[in-house]
Amino acid sequence: MNVAVLPTWIIALFTKNNARKTHLNILFSTVIIFCTFNIIRLLPHFCLFDFLFHIPCPGCGILTSIYALSQLEWKFSFISNPVGIPLVVFYILQLPLRSIALIDPDKFGVKVTNFLNIYSRGIVTSLLLVWIINLFGGYYGSTILP
């Protein structure tokens, strides 16, 4: 669930320490995600899963949920996809926790990585549970804001 979009040769310009490379890449990638969110939101909706199988994917409604949350539309965010809220919290937590891990990777790095790995497994599990529940109860996602 950790997103690291920068090539390793770019990160190697900043540090030679392998533990720091990972934390730095994820930290930079999180900042890039936050900065480009409004551009990503403007892209046309396309879901390959929905196109192939004619059912919504586990992530359907996530971008709408995140956007609604950025507009402080808590209820609509939850309705679009309930997992959007913990996902935003996960990426917000990346900023301070990865920064702390960069200070002393040997002392904090493993603890930060373990915590965020457990959190991300919880998000994936929640996505699958919400998806299964909503497959039997109706479509929950929406790409149109109120």
task = Taking the residues in the range 118-146 that are part of a helix (DSSP H, G or I) and at pLDDT below 90 as candidates, determine which candidate is farthest from residue 81 (Cα to Cα).
result = 136
key: Residues of the range 65-85 that turn out to be free of Cβ contacts under 8 Å to residues at least 60 places away in the same chain and part of a helix (DSSP H, G or I), as a count   = 10
message = Being without any contact (Cβ under 8 Å) to a residue 24 or more places away in the chain, touching a Cys at 6+ places or on another chain (Cβ under 7 Å) and among the acidic types (Asp, Glu) is true for just one of 50, 104. Which residue is that?
response = 50
query = If you take the residues of the range 4-31 that are closer than 17 Å to residue 103 by Cα and among the hydroxyl-bearing types (Ser, Thr, Tyr), which of them is surrounded by the fewest Cβ atoms within 10 Å (Cβ to Cβ)?
reply = 15
note = Filtering the range 63-91 down to residues that are modelled with pLDDT under 90 and within 30 Å of residue 16 (Cα to Cα) yields 91
ask   = Within the range 44-61, is even one residue touching a Phe, Trp or Tyr at 6+ places or on another chain (Cβ under 8 Å) and part of a helix (DSSP H, G or I)?
value = no
ask   = Do any residues in the range 2-20 that are in contact (Cβ under 8 Å) with a residue 60 or more places away in the chain have Cβ atoms under 9 Å from those of residues that are surrounded by 12 or more Cβ atoms within 10 Å (Cβ to Cβ) and small (Gly, Ala, Ser), where the two are at least six apart or on different chains, and which pairs are they?
value = 2/29; 2/120; 19/101; 19/109; 20/101; 20/109
key: residue 19 vs. criteria of a type in the set (Gly, Ala, Ser), modelled with pLDDT under 85 and in a loop (DSSP other than H, G, I, E, B)   = no
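The values are calculated or read from the model by the stated rules, or taken from the named source; none is laboratory data. What you see is a predicted model; the values in this text were computed from it and never measured. Because the Cβ atoms are built from the backbone with ideal geometry, glycine has one as well, and the counts that use them run over all protein chains shown.
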